[in-house]
Structures are given as C-alpha cells and as structure tokens.
Amino acid sequence: MRRNRVYRLVILAMLTAVSIILTRFLVIYITNEIRISLGNIPIMLAGVWFGPLWGLVVGFVADFVGSTVFSPFGWYAPMTLTPMLMGAVAGLLAKLPMGKNSLFRWGTVTFACNIPGTILWTTLCLSWMYGSPYVVLLTPRIGLYVCIAIGEAIVLYGINRIPYVQARAKQFAQVKHIISKGNKQSSITEEAAE
C-alpha cells in the first residue's frame, strides 16, 4: 500500500512539473492577457487518472510554484482558481459514461474545463489586474481558447490511446489494496483507506 502511495505521488509530482514547464517555458505570449500554452493537459490528466481532489491539488501546486518561482508577473491568487477548476472538473467528468477514450469524451472534458475557467474566470481576473474592460478582453480570447481546447482534446485523446497509458490509467482508477485485521482481510480502494 505504501509503495502505491509513493508511486501515485511520483506521478502527480511529474504531472505538476510538466504543467509548470509547459505553462512557464513552452509558452507563446501574444500579449500579457493572451498566451498559447498546453499546461492544462497534465492538470486534467491528474484529475482524470487520480480523481477530482488530486486534480485540484496538482492545479494549485503547479500554478503557485510556477508563478512564484518562474513567472515575471508573480502569483495572483484569484487566477489560481482556473487550474484548480481544470483538475477538479476533469476528474468529475471522467466518472461519467461518455465512451472510454473517444474524441467526444475529451472534447467534453476540455470544453467543460476551459469555458468557465480559462475563457470566463481568467478573463475576469485579467480585467481586474489590468483595468481593461471585460468584453474587450473576452472577444479575442474566446476564439483562441476554443482552438486551444480542441488542441487539448486531441492531445489527451492521443495520449490515452497509447497502450501503456491505457493500462496504467485503468490501474490508477481501480487500485485495490488488501488490509489485514487479525484473521480478517478486506479489500478496499485506496481513497477509502485514506
């Protein structure tokens, strides 16, 4: 059981690091308010593979560490809600029966994460930060982030088509552990054990 917890924490730390790298280093800034980044993909994967709580945690840690250590703009607390929402919503939607690994499923996940998060809430936060009118910022961001959501859906679909990843994702979702209490043994899920 301890080995599985360590393995899970290693995968979550790796997803957090990949998100920081994609968001802070492999990013294209069009303006201060508009950037092209795929840093939400690892956050959504954390939510889908490990559940909404872990997706939320990865989203928070990736945004906090990335913006305090690697960003010239610094950390803006209200904007942290977006990556947290990405991880949590992806984790919740992963439990819905929408086809195991279909492009429709991943499109639903990315649009459900991006519309309230990146498009609406982040735009509002940027409006507060820069004092720009909300509608002026929202107009160019809608088209760009719809395209980014489509790209994220395609990448998530492709990642989850890899046989090794499919097997590991199933393992993450169905991890069971044996806990022995005296002469009794009961099988419980890892989330219930914590």
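Laboratory data are not the source of any read-out in this text; all were calculated from the coordinates shown. Predicted model, so just to flag it, every value in this text is computed and none were measured. Cβ: placed from backbone, ideal geometry, glycine included. Neighbour counts: every protein chain shown.
Quick notes on this one:
- Amide H contacts under 5 Å for Arg35, placed H, 5+ residues apart: Ile30
- In loop segments of the range 2-110 as defined by DSSP, the trypsin sites (Lys or Arg not before Pro) with at most 12 further C-beta atoms inside 10 Å of their C-beta are Lys95, Lys100.
- Net lengthening on full extension, Lys95/Ala17 (0.36 nm per residue, minus Cα-Cα): 25.6 nm
- Highest-first packing order for the peptide set 159-167, 140-148 is 140-148, 159-167, based on the mean count of other beta carbon atoms within 10 Å.
- Options Ile11, Met79, Thr139, ranked by Cα towards positive dipole end of the range 2-193, top entry (Cβ charges): Ile11
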